[in-house]
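The values are calculated or read from the model by the stated rules, or taken from the named source; none is laboratory data. Source: prediction; values computed, not measured. Positions of Cβ are generated from backbone atoms using ideal geometry, with glycine treated the same way; all protein chains shown enter the neighbour counts. Accessible surface areas use protein heavy atoms only, side chains included; no ligands, DNA or RNA. Shrake-Rupley method; radii C 1.70, N 1.55, O 1.52, S 1.80 Å.
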Amino acid sequence: MSGPQEQAKGDQPRGKPLARVLANAGALLGGRGVNAIVGLAYMAIAGRSLGLAAFGVLTLINAFAQALGEVAKFQSWQTVVQYGAKPLLDGDKPTFQQVLRFALILDAIGALVGVTLGVGGALLFSKTLGWSQDMAPAAALYCLSIAAMTSATAVGLLRLFDRFKMLAAEQAISSTVRLAGCAIAAALHAPVEGFLLAWAAGTVASFAYVAAIAVWSLHGRGLLAGFSFKGPLAAGQPGIWRFAWATNFSSTIDVGFTHVLTLAVGALVGPGPAALWRIGRQVADGMAKPARLMLPALHPEFAKLRAQKNDAAMLRLARQIGVIGGGVAGLLLLVCLLAGQWLLTVIMGAEFAPAAGIMTWQVAAAAIGVMALPIEPMLVSMRAAGAALRVRIIVCVAYLAALAPLLKTFGLTGAGAALVLAMAGMAVGMLLTLRSKLRHEAAAERESENLFAREQACVDPRNERKGDPQ
């Protein structure tokens, strides 16, 4: 006779997790699709208005702020999803509020650290980072927007509540505000400072929107009643601090493949090549965005399946997403190879067409990431974020160590080819780590079953009778 847990698993339709992931990703696609188009539009306005060199300075300042924002951010949304899913399903309001309190404090710490480092770094190391001393005050002011970049609790709440349709508007709002601001700056023939103001306004606008929707959602569920910042943080939540640090460091390492690379290119070979690298990366990320939209939908789905102890459904969902990701990845590469240079010329202008070659390498790297999409969320849901972090550290250290000589010897092409190898290494490393984790859990479960069987045999009345003296 099946137990309640087995019956609960059986009641779930086979395709339901995949359907939810695709539906939530589809809900995000509308907003992110608009964001990808509008994002390219405001970058095109800024690039055409400022020219390659000045646009490179704008790109470097933004990359510096975003890099520090990601480094300081604790990825509190993952803490909300992983530790908040079970109390939410169980109706355990006090525990859920404890997780919320913990995540909000993480956001506050991240904002304080990020803004302090950003303002100080922009003022003290401007020449090293690729912009002139005259731009240092504007860069420092722009770094105040890091406070909005480090807040992720609201995003985690909306993902946990399946409010993906509302969350979809976040990036669209940011890009739309930036587009309007860049159009005004271009019409006024504003310098770089005007475009920095437009970009900062977009960051703050998206933060305000998501925070307001999250508060409204909490209030509607009665989860704010009795909430206070006073109370336990980690008590009764084993491993929550370790999880928070691991996801923070994992995200920090991931920055090595985005904003830090832009900064490194700018510092080593100048703002112009940095602008070409950034444009190629923007197009590559935009092309991979539809597939990557499954990632924020995967985290809460894996967390809920893990809370229900339904590992079979987790593996099935991961395989399904991997197959879908592989098909999308092939299409991405084909589009880039056939129309990459034409797209850049049409969008950014002929001055940016040389970015087509490096963009192909970046799209190839993004395609590998798409195919390996479900692996890391599975590790996170299994509370193995630390293991995923170790893989990221090894790959990122190797890549960054090779970056300077590759740039000096082969230019941007060398950096792009190495990026492909790094992403392939990371995918293989994550896969091997996942297989090891699954084998370890299976062995532990068999050992537990054997121990239970031995204990049952010891208390069997027939065994006791056999041992009685006649």
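Data table
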| read-out | value |
| --- | --- |
| Filtered residues of segment 331-385 (kept if on the phi > 0 side of the Ramachandran plot and of a type in the set (Gly, Ala, Ser)) | GLY349 |
| Tally of residues being in a helix (DSSP H, G or I), more than 30 Å from PHE229 (Cα to Cα) and touching a helix residue (DSSP H, G or I) at 6+ places or on another chain (Cβ under 6 Å) across segment 130-144 | 5 |
| Yes/no for GLY286 being closer than 28 Å to GLY130 by Cα, open to solvent by less than 40 Å² (accessible area, probe 1.4 Å), modelled with pLDDT under 80 and part of a helix (DSSP H, G or I) | yes |
| One residue from ALA385, ALA404 being open to solvent by less than 20 Å² (accessible area, probe 1.4 Å) and in contact (Cβ under 8 Å) with a residue 60 or more places away in the chain | ALA385 |
| Segment 62-121, residues that are part of a helix (DSSP H, G or I), among the aromatic types (Phe, Trp, Tyr) and open to solvent by 10 Å² or more (accessible area, probe 1.4 Å) | PHE64, TRP77, TYR83 |
| Residue in segment 326-360 that is nearest to LEU373 (Cα to Cα), counting only those that are assigned to a helix (DSSP H, G or I), among the hydrophobic types (A, V, I, L, M, F, W, C) and in contact with a Leu (Cβ under 6 Å, 6 or more places away or on another chain) | ILE358 |
| Extreme residue, least open to solvent (accessible area, probe 1.4 Å), among residues of segment 133-175 that are without any contact (Cβ under 8 Å) to a residue 24 or more places away in the chain and not aliphatic (A, V, I, L, M) | PRO137 |
| Meets criteria (assigned to a helix (DSSP H, G or I) and within 25 Å of ALA54 (Cα to Cα)) for VAL177 | yes |
| Selection from segment 383-409 of residues that are in a loop (DSSP other than H, G, I, E, B) and touching a helix residue (DSSP H, G or I) at 6+ places or on another chain (Cβ under 6 Å) | ALA384 |
| Boolean, ALA214 is within 18 Å of PHE96 (Cβ to Cβ), open to solvent by less than 20 Å² (accessible area, probe 1.4 Å) and of a type in the set (A, V, I, L, M, F, W, C) | yes |
| Scope segment 217-232; condition open to solvent by 50 Å² or more (accessible area, probe 1.4 Å) and within 15 Å of TYR83 (Cβ to Cβ); matching residues | PRO232 |
| When residues of segment 239-261 are limited to those that are modelled with pLDDT of 80 or more and of a type outside the set (A, V, I, L, M), the one nearest to GLU70 (Cα to Cα) | TRP245 |
| Whichever residue in segment 307-346 is charged (D, E, K, R) and either more than 21 Å from LEU434 (Cβ to Cβ) or open to solvent by less than 60 Å² (accessible area, probe 1.4 Å) (or both) and, among such residues, is modelled with the lowest pLDDT | ASP311 |
